[in-house]
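Working notes for the structure below.
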Amino acid sequence: MLTIGCTPLATSFDEAVATAAARQPAAPPAIVTDADLAALPAPVARWLRRTGVVGRPRVQNFVVDMHAQLNRGPDQPWMETPVLQVSFVGDPTRLFLLRTRMKGLPVTGLHAYTHDGARMQIRVAGVVDMVDESGDTFTRAETVTMLNDLCIMAPGALLDERFTWRPESDSSATVTFTTGPHTVSATLFFDANDDLVDFASDDRHARHDDGDRWTTPLRGHRALDGLRLPTEGDAIWHYSDGRPAWLYGRFRILQLRHNVPAADLPTAASIGRAEP
């Protein structure tokens, strides 16, 4: 059902960033050591060393500028959009803002995963809500998205008691992430160079049209803010009923910054400035 939105989503994004920064102010971070990796499955330890996290500060927050291509269904056209995301690690928070056009009309989207739960709003022309989803099931699904972001963009954050690991093979391992009332798992896959090349979870479905397994194949590994990380990835739903997989998102990281001081955190007005 379409509804009329009140507070602009850009304002909601800025307020959420400010609230999260106040809840978890930056402090002198601990340094990741080899000892932190000692108890991890062998492929995970090799991967983290490959990324370069050893000797670097633990991540408290990160800011990412991306370019995304999204579609609303397997036969629907692709939409191009810049993405601005601000995330915090201690009290897991993910604030994901996009701006695109649909049938010639401006569309703004805000995915907010915060201390209070997850909410996704998609708004047309600044006032009409096409999508407004929230609730416990949706929050659990977005906990998987938060875990995915940490694995891709802040792997050095995966070293505290919230994360447990189980080896699957010499090139894969399963991680379980517990935050608040939610516990989710995913399997990570690594190539012969010890780079992370895929992430698969059966815990992300929240809507009737979601698939049974969610994967994010990754590529384009290079230096980002001093770490070797993937710069491109896809978002794919897989179905157990014989339907073909649905590739609904393609993402390319343009800029990534870790441990950004509160005074330097971006506002919604800066979305798209990193676009080439």
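Quick notes on this one:
- Residue check for Val89: closer than 22 Å to His67 by Cα, at pLDDT 90 or above and among the β-branched types (Val, Ile, Thr): no
- The residues in region 193-227 that are touching a residue at least 12 places away in the same chain (Cβ under 8 Å) and either aliphatic (A, V, I, L, M) or assigned to a strand (DSSP E or B) (or both) can be counted, and the count is 14.
- Selection status of Ala118, without any contact (Cβ under 8 Å) to a residue 40 or more places away in the chain, surrounded by 14 or more Cβ atoms within 10 Å (Cβ to Cβ) and either farther than 24 Å from Ala206 by Cα or among the aliphatic types (A, V, I, L, M) (or both): yes
- Per-region count, region 232-276, residues of a type outside the set (Ser, Thr, Tyr), part of a strand (DSSP E or B) and either more than 22 Å from His111 (Cβ to Cβ) or within 17 Å of the chain's Cα centre (by Cα) (or both): 17
- Considering only residues in region 29-58 that are of a type in the set (Val, Ile, Thr) and surrounded by fewer than 19 Cβ atoms within 10 Å (Cβ to Cβ), the one that is farthest from Thr187 (Cα to Cα) turns out to be Ile31.
- Qualifying position, being out of contact with any Leu (no Cβ under 7 Å at 6 or more places or on another chain) and not acidic (Asp, Glu), among Ala268, Ala262: Ala262
- Only one of the numbered conditions (1) out of contact with any Lys or Arg (no Cβ under 8 Å at 6 or more places or on another chain); (2) surrounded by fewer than 16 Cβ atoms within 10 Å (Cβ to Cβ); (3) under 22 Å from Thr139 (Cα atoms) is violated by Asp210, and that is (1).
- Selected residue [part of a loop (DSSP other than H, G, I, E, B) and over 30 Å from Lys103 (Cβ atoms)] from Leu147, Leu159, Leu188: Leu159
- Candidates Thr187, Thr216: the one that is hydroxyl-bearing (Ser, Thr, Tyr) and surrounded by 20 or more Cβ atoms within 10 Å (Cβ to Cβ) is Thr216.
- Unmet criterion (only one of (1) over 15 Å from the mean Cα position of the chain (by Cα); (2) surrounded by fewer than 16 Cβ atoms within 10 Å (Cβ to Cβ); (3) touching a residue at least 60 places away in the same chain (Cβ under 8 Å)) for Glu80: (3)
- Checked against (1) in contact with a Ser or Thr (Cβ under 6 Å, 6 or more places away or on another chain); (2) modelled with pLDDT under 95, Arg94 passes all but condition (2).
- Output for region 18-52, where each listed residue is over 30 Å from Val197 (Cα atoms), out of contact with any Phe, Trp or Tyr (no Cβ under 7 Å at 6 or more places or on another chain) and at pLDDT 95 or above: Ala18, Thr19, Ala21, Ala22
- Residues being closer than 18 Å to Thr93 by Cβ and either touching a residue at least 40 places away in the same chain (Cβ under 8 Å) or loosely packed, with under 14 Cβ neighbours inside 10 Å (or both) - total across region 167-177: 0
- Residue match in region 219-226 (condition: closer than 30 Å to Ala22 by Cβ, among the charged types (D, E, K, R) and in contact with a strand residue (DSSP E or B) (Cβ under 9 Å, 6 or more places away or on another chain)): yes
- Residues (farther than 22 Å from Leu265 by Cα and of a type in the set (S, T, N, Q)) located in region 9-44: Thr33
- Conditions (1) touching a Pro at 6+ places or on another chain (Cβ under 6 Å); (2) in a strand (DSSP E or B); number of the one not met by Asp129: (1)
The values are calculated or read from the model by the stated rules, or taken from the named source; none is laboratory data. Because the structure is a prediction, the values reported are computed rather than measured. Quick reminder, even Gly has a Cβ in these numbers, built from the backbone with ideal geometry, and neighbours come from all protein chains shown.
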